[in-house]
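Presented below is the structure to which this report refers.
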Amino acid sequence: MTQSPDQYLSTRGHAANETFADALLRGIAPDGGLYMPTAWPTLSSLKQTKDADYSVIAREVLTPFVGDSLPEGAVERAVAHLVKGFDHPLVTPLVELESGLFVLELFRGPTAAFKDLAMQLVASLSDEALEASGETLTLLTATSGDTGAAAVRAFAGKKRIKLIVLHPLDRVSPIQRKQMTTVEADNVLNLAVRGDFDDCQRLVKQLLADETLRERGRLSSVNSINWGRLAGQIPYYVSATLQLGQAAHFVVPTGNFGDAFAGIAARKMGLPVAGMTAAVNQNDALARAINEGVYDRRPAVESASVSMDVQAPSNFERLVFEASGRDAAQTRKLFEDFAANGTVTLPDDLCQALTAETRAVSVDEATTAAEIGHAYQAWGRVVCPHTAVALHAARKMDRNGAPVVALSTAHPSKFGGYVESVLGIAPEPAPVIAALGDKPERLSVIDSDYASARDAVGSF
Ligand SMILES: *Cc1c(COP(=O)(O)O)cnc(C)c1O
């Protein structure tokens, strides 16, 4: 079988290979696994230059993954559209806080959080793929806030796509909710679920597996399990490294492990990376799996960094697949056991391989609040709680000579209430947030059982 970056296999090994367009439109593989390229492309032609152009980087990163599965020029058009929606010429500027410590600003797009970077690309590329094939698509996504907002803004008004977003009722910030519910687009349905994020994610998985829903056309997900989302997050690791002019240790505030896995993918493509650290909040299933070798499902608890309230991080499967030497049988067994029993013990050799890919640390709520205070006192910088989780881990680590880059995943005003409760001052609103105003909201509240979700989706 030929191995090529534009051919995709499933982490569970029981699905036929697919093109980029099919992996993008399907989301999850038919055997329940996640799509991965059959080979990693190599970053070759990017020069070490300080003024690296994001468009050039993104094109270089994405083109080998897409191959010839989309119309000519699709990647260029998608990247041009993405860059237009950002308010900084570098798109993701790197800011030095003190010697050797940086933040990478990923929040300068349409919803003031990092998910815009991939979502804008995925919306454009999906649209191109559907135009070419003449099909329609229903997209389902579970969100703890930022994914849904980014998706609504990216897909609103697309003619061949309907978007259904499930968020946990009263567990997303008012601004995140408004970013989803104030968009006037008939192709968007917002469902507020009486439950937590993992309930939303479970319902989406069940809906995606429902054969009767497939009669309406293609059915897929925009969660970070979608390979398009992963690929769209690789370019900013390259951009940061080029802005810095040397290899960095990246510290990534982590929920579903999509953002962090994109950094690991960049390293597999040849980007010099000094190290990776996934920083989680008190929902520490990922950190316990990597550090203690036991992957254990517990209910998610609400945290200040609410977009990271995840206890069954979907992209952990991609990490296990890579760390196991791409052993699909082992990956399948592990995640099927986890789904059945809610707990699995990882073999020692797998644990060691996982630790070689990334470190993981958990930061508690009091420390997150204290870090917001420290950032303001030390550097006059107001940061969101997600960024604070990463900054704390970055500041406490042994820097080993390499510069440390904490990914700053949201503008602080997106979580203004919490930040104000810590600092006593409200963050200046990002322009895209000031523009939300008091527009009327559109959403339906449902119970967290499958029948309720199926009814709501069926009548849309
Ligand atoms: C989604 C999100 C994260 C976590 O990203 P993952 O890819 O799920 O690990 C961190 N910070 C913010 C602001 C987010 O919206």
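Worth pointing out:
- The range 189-336 has equivalent-ellipsoid semi-axes of 27, 19, 17 Å, by the square roots of 5 times the alpha carbon gyration tensor eigenvalues, sorted largest first.
- Each principal axis of the range 16-86 carries a Cα extent, and these read 44, 25, 22 Å when sorted largest first.
- Distance from the C-alpha centroid of the range 197-253 to that of the range 78-135: 13 Å, rounded to the whole angstrom.
- Evaluated over the Cα positions of the range 274-381, the convex hull gives a direction-averaged projected area, one quarter of its surface, of 7.7 nm².
- Computed [θ] at 222 nm, deg cm²/dmol, the chain (DSSP H ≥ 4; -39,500 (n - 2.57); rounded to nearest 500): -12500 deg cm²/dmol
- Low-density loop positions, GluC sites (Glu not before Pro), the range 160-228 - DSSP coil, at most 14 other Cβ in 10 Å: Glu184
- For the chain: Kirkwood Rh in Å [reciprocal of mean 1/r, alpha carbons]: 21.9 Å
- Rolling a 1.4 Å probe over the heavy atoms of the protein chains gives the range 312-375 an accessible area of 40 Å² per residue.
- A straight chain from Asp31 to Thr136 at 0.36 nm per residue would run longer than the Cα-Cα distance by 35.5 nm.
- Sorted largest first, the principal axis extents computed over the alpha-carbon atoms of the range 265-322 equal 37, 24, 18 Å.
- Normalising by residue count, the range 304-367 has a Cα convex hull of 106 Å³ per residue.
- Mean-position separation - Cα centroids, the range 346-394 and the range 265-310, in angstrom: 10 Å
- In the chain, the portion of solvent-accessible area held by carbon and sulfur atoms comes to 48 percent [1.4 Å probe, whole percent, DNA, RNA and ligands not counted].
- Taking all pairs of distinct alpha-carbon atoms in the range 356-437, Kirkwood radius in angstrom: 13.6 Å
- Protein-only accessible surface at a 1.4 angstrom probe places the residues Leu82, Leu423 in the order Leu423, Leu82, largest first.
- The range 168-215 shape via C-alpha gyration tensor axes, a/c threshold 1.5: oblate
- 4 °C / 1.567 mPa s Stokes-Einstein diffusion coefficient of the range 148-271, Kirkwood radius on C-alpha pairs, µm²/s: 78 µm²/s
- Percent of C-alpha pairs per 5 Å bin, the range 85-172, short to long: 3, 13, 20, 18, 16, 12, 9, 5, 2, 1, 0
- Loop GluC sites (Glu not before Pro), the range 25-107 (other Cβ atoms within 10 Å of the site Cβ: 15 or fewer; DSSP): Glu72
- Solvent-accessible surface of protein heavy atoms, probed at 1.4 angstrom with all chains present, puts Arg194, Arg267, Arg202 in the order Arg194, Arg202, Arg267, largest first.
The values are calculated or read from the model by the stated rules, or taken from the named source; none is laboratory data. Because the structure is predicted, anything quoted here is derived from the model rather than measured. Note: ideal-geometry Cβ built from the backbone for every residue, glycine included; neighbour counts use all protein chains shown. Remember, those area values only see protein heavy atoms, side chains included, never the ligands or the DNA or RNA. Shrake-Rupley method; radii C 1.70, N 1.55, O 1.52, S 1.80 Å.
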